[in-house]
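For reference, the structure discussed in these notes is given below.
The values are calculated or read from the model by the stated rules, or taken from the named source; none is laboratory data. Keep in mind that this is a model prediction, so the values were computed, not measured. Here the Cβ positions follow ideal geometry from the backbone for every residue, glycine too, while neighbour counts run over all protein chains shown. Remember, those area values only see protein heavy atoms, side chains included, never the ligands or the DNA or RNA. Shrake-Rupley method; radii C 1.70, N 1.55, O 1.52, S 1.80 Å.
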Amino acid sequence: MKQFVYFILFALMQVSVACSNTEESLLIEGSQTFDYIDNNLSSSVDFSNDSVSILKFANHEEFEKDLYNLRCLKSSDEKEEWVHKTYPSFCSIMDIYEQAGEEAAESNLETEMEFLTFMNKYHNLYFPLEDEDAGFYIPIRDENIAYLANQDCMILIGDDVVDMKDISNYSDLQEAGKAYYELPKPMVMASEIAFEIKNTNMNPVGPDYDSGWTEYGDRKVKLKAHRHLKSFELSYGFYGSESYFHTEFCFRKKTWLGWINYKCHSDITGEVTIPLFNKLKLESSHSGTSSHDKDYIYPIHISTDANYKYYRYHEAPCKATVVFKDIATPLNYSWTMPALVFQLSLSSQIQPIVVPSN
């Protein structure tokens, strides 16, 4: 028996964020308990600016509701629009990051004074200064939290000020998959690579495609891609995972100290040839700070025999063209995503509920 699905793993497991079964929309209405307060939070908090806004949540559940709202949205533009509409006076660490990207795009930062002035202005961001990596980064692993944390990476839950920073060194940045220099990945020699289905917000499956950095004068770019599972709320006390194909276009410009990320525009088109399914069309347009990311719903092939159920990503040839504002000619990429398989015993206590695709 064969089934074709886009949605998998509707396991009956408890989660920390609950949704009502009668909810008509994926978005939960914003809580009325949020407040904007200045730097007179308490004697133990010392903000560097004259006035710093912070989002106040009545409790952890209210904070998780806003995180859920953000995770339901597919693009950074949608997330930014939602936050600015919900909290129009709030300045987040994500806003600071995008502002730094705009300034880095307009400034050459060719002298020591220019670069140090830039670093001082955006001291809330993390500047690792690791060899040629002169970039700036949000010091929070989960970018959804970065839309809610203030410019000092803090939120207020009840009467407690919570520091959301969880990146303090280059290893943290590499583990988060955000660094210019990435962690080395082990070689995989197999015709079909085994993977696991895990209940996490984003669970990459199989190895990434990484074109590697290519220089074009004072610009440097690369394209990455991987497949992953992303958790989402199904109903109260239940959740599932969707399968996605993820593209990531990274770019840097040369400065006095090294290569820095900045804000620019890219258009990406292409296709993924998926055996037993229609071709997946790649199409995205971004005008943000590196990197430019996009998720596409991606099918998993399911089959069974007498003892096991098999969840498979077949080997998939890919091609993409990137039109990048700062490089005159289109950038062409071609690669193949490897075959992957998850094997589940039919006698397993937890069997995913499969929703067939149309």
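A few notes on this one:
- Of the residues making up the range 149-189, just one is touching a Pro at 6+ places or on another chain (Cβ under 8 Å), at pLDDT below 85 and over 22 Å from Cys250 (Cα atoms), namely Val188.
- Residues that are under 22 Å from Asn69 (Cα atoms), open to solvent by less than 20 Å² (accessible area, probe 1.4 Å) and assigned to a helix (DSSP H, G or I) within the range 145-175 comprise just one, Ala146.
- Residue count for the range 268-316, restricted to those that are part of a strand (DSSP E or B) and under 25 Å from Ser75 (Cα atoms): 22
- Enumeration of residues in the range 282-312 that are among the polar types (S, T, N, Q) and either open to solvent by less than 60 Å² (accessible area, probe 1.4 Å) or under 17 Å from the mean Cα position of the chain (by Cα) (or both): Ser284, Ser285, Ser287, Thr289, Ser290, Ser291, Ser303, Thr304
- Looking across the range 57-90, the residues that are out of contact with any Asp or Glu (no Cβ under 9 Å at 6 or more places or on another chain), farther than 16 Å from Asp142 by Cβ and open to solvent by 40 Å² or more (accessible area, probe 1.4 Å) come down to Ala58, Asn59, Glu61, Asp77, Glu78, Glu81, Lys85, Pro88, Ser89.
- Tabulated pairs, the range 260-288, first touching a residue at least 60 places away in the same chain (Cβ under 8 Å) and on the phi > 0 side of the Ramachandran plot, second assigned to a loop (DSSP other than H, G, I, E, B) and not polar (S, T, N, Q), C-beta under 8 angstrom, 6+ apart or interchain: Leu276/His314
Conditions (1) modelled with pLDDT of 95 or more; (2) closer than 16 Å to Ser291 by Cα, marked per residue:
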site: Glu110; (1), (2): no, no
site: Tyr122; (1), (2): yes, no
site: Tyr137; (1), (2): yes, yes
site: Asn144; (1), (2): no, yes
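- Pair list, Cβ under 6 Å, 6 or more apart: the range 326-344 residue over 19 Å from Pro207 (Cβ atoms) and open to solvent by 50 Å² or more (accessible area, probe 1.4 Å), other residue part of a strand (DSSP E or B) and of a type outside the set (Val, Ile, Thr): Asp326/Arg219
- Among the residues of the range 76-90, those that are closer than 25 Å to Ser290 by Cβ and part of a helix (DSSP H, G or I) comprise Ser76, Asp77, Glu78, Lys79, Glu80, Glu81, Trp82, Val83, His84.
- Residue within the range 172-179 that is free of Cβ contacts under 8 Å to residues at least 24 places away in the same chain and within 21 Å of Gly101 (Cα to Cα) present: yes
- Some residue of the range 161-171 being more than 24 Å from the chain's Cα centre (by Cα) and aliphatic (A, V, I, L, M): yes
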